[in-house]
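In what follows, a single structure is set out as structure tokens and then discussed.
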Amino acid sequence: MMQLSLNQLSQLCEQIIAKLPNGGVVILQGDLASGKTTFTQAFSHYLGIEESVTSPTFSLQQRYGYKLFHYDLYNYGFEKFLSMGMVEELEHEGYHLVEWGDETLIELLKKAGFDYTVVKITKCDNETRYYEVRQ
């Protein structure tokens, strides 16, 4: 588990890219307002993407350039994700950051052979978070 301030997120980005050098799925878990979208913004910046990153809460998916896909399952859930054919989206080359992914999604990724990692975010205060990275 790493304790990082928000301006140190590039360290976590490096760690994830080392685990997934050819892209893959990054499941972002944490309470409301824990920093899932903030991490996605930092990851986007680390990749050199200059577009403004916002939460896809109401659209389910946002795409930034050709390398970054951002999903939010909070309002729709896993079943809607499946029914909309979003699993096929995960086959696109690049990084797929999924907010609110749960064990059901993780099991699907395992069975389908996707490269993935899980980042659990716990808010300490307004500037500091704990990040636990696991597979």
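Derivation of every value follows stated rules applied to the coordinates shown; laboratory data play no part. Every value quoted in this text rests on a predicted model; they were computed, and no experiment measured them. Please note: Cβ atoms are built from the backbone with ideal geometry, for glycine as well, and neighbour counts cover all protein chains shown.
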ask   = Top mean-square fluctuation among G85, G77, G23, Gaussian network model of the chain, C-alpha springs under 10 Å?
value = G85
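Let me have the 222 nm mean residue ellipticity of the chain computed from DSSP H runs of 4+ only, each contributing -39500 (n - 2.57), with the sum over all residues rounded to the nearest 500. Mind showing how you got there, number by number?
Details: 5 runs with 43 residues, N = 135.
After summing the helix terms and dividing by the residues of the chain, the value is -9000 deg cm²/dmol.
If each residue's Cβ is checked for other Cβ atoms within 10 Å, how do F114, F43 rank with the fewest at the top?
Values: F114 16, F43 25.
Ranking F114, F43 by Cβ neighbours within 10 Å, fewest first, gives F114, F43.
Return L105, L82 ranked ascending by Cβ neighbour count within 10 Å, so the fewest neighbours appear first. Present the calculation step by step, with values, prior to reporting the outcome.
Values: L105 23, L82 13.
If I rank by nearby Cβ atoms, fewest first, I get L82, L105.
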message = Mean-square fluctuation check for the chain, GNM, Cα pairs under 10 Å: which of K36, K19, K80 is largest?
response = K80
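So what's Rg/Rh here for the range 2-134, counting alpha carbon atoms and using the Kirkwood radius for Rh? Numbers along the way, then the final one.
Numbers: Rg = 13.6 Å, Rh = 14.7 Å.
For the range 2-134, the value is 0.93.
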note = Rounded to 0.05, the calculated FRET efficiency for the beta carbons of C124 and S10 at R₀ = 22 Å is 0.75
task = Could you work out which residue, out of S44, S55, S83, moves most in a Gaussian network model of the chain, that is, has the largest mean-square fluctuation with Cα springs under 10 Å?
result = S83
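Size of the dipole of the chain about the Cα centre, Lys and Arg at +1 and Asp and Glu at -1 on the beta carbon, nothing else charged, in debye to 20? Could the numbers behind the result be given before it?
Working: 11 positive and 18 negative charges, 38 e Å.
Taking the Cα centre of the chain as origin, the dipole is about 180 debye.
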